[in-house]
Amino acid sequence: MNRVGRLITPWLFLGFCLVFMLLTLTKIQNWDWGFHLSIGKHIHEYLSLPEREEYSFWAEGRENKIISWSFSLLLYEAYALWGFAGMVLLKAIAFGALALFILLRLKQELSNKDTALFLWMSALCMLLLFLCIKDRILARPEIFGFVYLCMFSYFIQSLISKTGALQIKTLWILILIQILWVNIHISFVLGPIYFTSFIVGYNLQNYTNSQFSKNIPQQLGALLAIIISTLANPYGVRIYELLYDVMESAVYLFEMRTNLTIWALWSLKGAMGLGAVWAAIYWSMQKQFTKSLPLIAFIILGANANRFFAVASIIGLPLMAGALYDVIIRYRDQSAVGLNTKKLIHWGTLSFFVVIFGVLVERVYSWTKEQDFGLALKKERFPYGAVDYVRKHQLSGNMFNNFGFGAFLMWELYPSYQVFIDGRTQVYGKDLNTIYNYLLTDLESWNEIVKKYNIQFAIVRHPRLVAGKITDDFNRLFQTAWKIVYADNNASIYVLREDSNGHLAEDTAAYEKVIKVMQSYPQFFLAYNNRGSQLLELKRYQEAIQDFTKAIQLNPQYAQAYYNRGLGHAHLGNDEQAIADYTRSIHYDAQFAPAYNNRGVVYQRNAKSWNIICEDWRKACQLGDCRNFSLAQKNGRCE
């Protein structure tokens, strides 16, 4: 590298680190910061981890498995110093460190023969990296996992001396990184995977060059030392059991799934995948297996799990850049290539890179226009109003909450209230799927849980319309014994009518405010449906039917609205319309037990065949509601 390049490079590196930090100064909006702050506060105050679960009432007493405890403590200390601004700054510092070590990796892979080419390729790689990780710019321990992975790859590549020998003496740096890594994020397991692929590649490289490694025992010892260093955590060897528990949970498995459509060739992920495959082939052809084998390992990870695309990019980009740089330099510097051709290749390549640079800058700029920057929490995303209502009215009993709200409610309401569930998948394990996800389809299980755990009020997220489908729809859980007493743009609060919070259901003025808020939903059909449900309870059946009809007009596939309209018609004696609505409800949601039950009731009222009636009630019983079917069996009507 010439003198100008040596002067420019440090400033370019500093500039990219600062740009990365500035781009990550976005407001906190991920859901799980609350439980990290809660756990960090406990560690700060008691100088120990919470051994038994105390934040969730139905998981109370279980072992509190905390892999990312050091991140929780670090996040809490940042919050204690500067509030949410400290959390945003911590996030930015982590991404600044990631940018620094990516640049150092690029310096390892790109030679110094051509300063302009080196600088332009470094700039392109940094923009590409940002686009690959932009969806993971969150206040989560994962971001430090990125940093440690990049540091690990940098120091692993530093193990090879200029003569090609493996310098095991510098292994202590990798061990130190691994100890820090294992206490901050479950991605620590990538360290041993990377080191294994590296030493296998190193020995394969020597073998293909007719050289044989004399220090294989030392290499195996180094691998063993790295694996042993992962035991330097509060759980020792059980860390791998906890790792399995986390990866087995429903939420983590969802993030691990690959959506094959995103790997279309015209997408960023598809292009990155093709580039990584090409680079792996190129390095293998060059017998550089210390590069190709780790790259292949991370290609497999990135292709099989959405969650690993970012880490695959962190490992892959420097290796892809190195391969492309090597090809350009090799071809341009061939003796058979004339001077004019060399200049054409040089300036043509730089011109192409300038165009790509402009495209990537535009994509990053478009992303920034969609972001909410600031040293703060994105408060409008969280149910602060619901929390204020709970505190003001001092609601009694245990609280049900949806998964996303759990961590926030833990931070805001504990120890006065425990949450039902939150994002700590390692605490709940398989029960996360069994207890929570099935509640929305199994009303009988829901009623049992309400009684068993003395649940008297619920804070839940409004249903949302995502890709034409309704998600987070808790309405059916609260159709009969519950009453909505609070609603804002984030959440609703329901209380049991017959319990100690029931008096709040009689607050007419408050309820009128709820109705107004419901009408401001982005998915307005839900407002009509919910208001219609309340009109049903007031026995204003004709008005309720009008609301349900409006909901159906706005969303013709909303099964709940058909069912509710059927209830209104049934109360008015419009049995044909009731049967038609129950049938449409079943058509759009074949697992909705109340629609079968009530259709059977109307059939019975119209003296239909008991075979038809029993068929509906039997189906309802199979779905968890056996009241009518059991009674009919006792009376000898149904078999």
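The values are calculated or read from the model by the stated rules, or taken from the named source; none is laboratory data. A quick note: this is a predicted structure, and the numbers were derived from the prediction, not measured. Glycine also receives a Cβ, built like all others from the backbone with ideal geometry; neighbour counts cover every protein chain displayed. Heads up: the accessible areas ignore ligands, DNA and RNA and are worked out on the full protein's heavy atoms, side chains in. Shrake-Rupley method; radii C 1.70, N 1.55, O 1.52, S 1.80 Å.
So, Asn574, is that one within 18 Å of Tyr603 (Cβ to Cβ) and of a type in the set (S, T, N, Q) or not? Considered against the rule, which asks whether it is within 18 Å of Tyr603 (Cβ to Cβ) and of a type in the set (S, T, N, Q), Asn574 comes out as yes. Residues considered: Leu317, Leu360, Leu301. Of these, the only one that is modelled with pLDDT of 90 or more, part of a helix (DSSP H, G or I), out of contact with any Lys or Arg (no Cβ under 7 Å at 6 or more places or on another chain) and surrounded by 15 or more Cβ atoms within 10 Å (Cβ to Cβ) is Leu317. Figure legend. Inter-residue proximity from region 46-62: first residues in contact (Cβ under 8 Å) with a residue 12 or more places away in the chain and aliphatic (A, V, I, L, M), second residues open to solvent by 50 Å² or more (accessible area, probe 1.4 Å) and not in a loop (DSSP other than H, G, I, E, B), beta-carbon distance below 6 Å, spacing 6+ or different chains. Indicated pairs: Leu49/Trp69. Taking region 108-118 as the range and being part of a helix (DSSP H, G or I) and buried (at least 18 other Cβ atoms within 10 Å of the Cβ) as the test, the residues that pass are Glu109, Leu117, Phe118.
Of the helices (runs of 4 or more DSSP H) lying entirely inside region 376-489, those containing at least 3 residues that are modelled with pLDDT of 75 or more and not polar (S, T, N, Q) span 384-393, 406-413, 443-452. Of the residues making up region 518-545, just one is modelled with pLDDT of 65 or more, open to solvent by 30 Å² or more (accessible area, probe 1.4 Å) and touching a Phe, Trp or Tyr at 6+ places or on another chain (Cβ under 9 Å), namely Tyr528.
Evaluate region 578-587: report whether one residue or more is over 41 Å from the mean Cα position of the chain (by Cα) and either closer than 15 Å to Val601 by Cα or open to solvent by 50 Å² or more (accessible area, probe 1.4 Å) (or both). Yes: region 578-587 contains one or more residues that are over 41 Å from the mean Cα position of the chain (by Cα) and either closer than 15 Å to Val601 by Cα or open to solvent by 50 Å² or more (accessible area, probe 1.4 Å) (or both).
Every residue, every condition in (1) open to solvent by 10 Å² or more (accessible area, probe 1.4 Å); (2) of a type in the set (S, T, N, Q); (3) touching a residue at least 60 places away in the same chain (Cβ under 8 Å), yes or no:
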| position | (1), (2), (3) |
| --- | --- |
| Val390 | no, no, yes |
| Gly404 | yes, no, yes |
| Leu409 | no, no, yes |
| Glu412 | yes, no, yes |
| Gln418 | yes, yes, yes |
| Ile421 | no, no, yes |
| Arg424 | no, no, yes |
| Gly429 | yes, no, yes |
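The sole residue among Phe198, Phe188, Phe152 that is surrounded by 21 or more Cβ atoms within 10 Å (Cβ to Cβ), part of a helix (DSSP H, G or I), under 34 Å from the mean Cα position of the chain (by Cα) and touching a residue at least 60 places away in the same chain (Cβ under 8 Å) is Phe198. Considering only residues in region 33-54 that are open to solvent by 10 Å² or more (accessible area, probe 1.4 Å) and touching a Gly at 6+ places or on another chain (Cβ under 9 Å), the one that is nearest to Phe405 (Cα to Cα) turns out to be Phe35. Which condition number does Cys638 fail, the rest of (1) more than 26 Å from Ile484 (Cβ to Cβ); (2) open to solvent by 40 Å² or more (accessible area, probe 1.4 Å) being met? Only one criterion is unmet by Cys638, namely (2). Scanning region 594-614 for residues that are open to solvent by 10 Å² or more (accessible area, probe 1.4 Å) and either part of a helix (DSSP H, G or I) or in contact with a Gly (Cβ under 8 Å, 6 or more places away or on another chain) (or both) yields Pro594, Tyr596, Asn598, Arg599, Val601, Tyr603, Gln604, Arg605, Trp610, Asn611, Ile612.
It is to be established whether one or more residues within region 63-80 are in a helix (DSSP H, G or I), under 25 Å from the mean Cα position of the chain (by Cα) and over 26 Å from Ala376 (Cα atoms). Within region 63-80, none of the residues are in a helix (DSSP H, G or I), under 25 Å from the mean Cα position of the chain (by Cα) and over 26 Å from Ala376 (Cα atoms).
Residues of region 363-388 that are open to solvent by 70 Å² or more (accessible area, probe 1.4 Å) and without any contact (Cβ under 8 Å) to a residue 12 or more places away in the chain: Tyr365, Lys369, Glu370, Lys379, Asp388. Residues in region 81-107 that are open to solvent by 60 Å² or more (accessible area, probe 1.4 Å) and among the aliphatic types (A, V, I, L, M): Leu81, Leu89, Ile93, Leu100. Going through region 236-277 one residue at a time, which ones are open to solvent by less than 70 Å² (accessible area, probe 1.4 Å), modelled with pLDDT of 75 or more and more than 20 Å from Gly316 (Cα to Cα)? If the condition is that a residue be open to solvent by less than 70 Å² (accessible area, probe 1.4 Å), modelled with pLDDT of 75 or more and more than 20 Å from Gly316 (Cα to Cα), then Gly236, Ile239, Leu242, Leu243 are the ones that fit.
Table: residues versus (1) β-branched (Val, Ile, Thr); (2) crowded, with 22+ Cβ neighbours inside 10 Å; (3) at pLDDT below 90; (4) part of a loop (DSSP other than H, G, I, E, B).
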{"site": "Thr549", "(1), (2), (3), (4)": "yes, no, no, no"}
{"site": "Gln557", "(1), (2), (3), (4)": "no, no, yes, yes"}
{"site": "Gln560", "(1), (2), (3), (4)": "no, yes, yes, no"}
{"site": "Gly568", "(1), (2), (3), (4)": "no, yes, no, no"}
{"site": "Trp617", "(1), (2), (3), (4)": "no, yes, yes, no"}
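Taking the conditions (1) out of contact with any Lys or Arg (no Cβ under 9 Å at 6 or more places or on another chain); (2) closer than 30 Å to Arg363 by Cα; (3) of a type in the set (Val, Ile, Thr) in turn, Ile43 satisfies each one other than (2).
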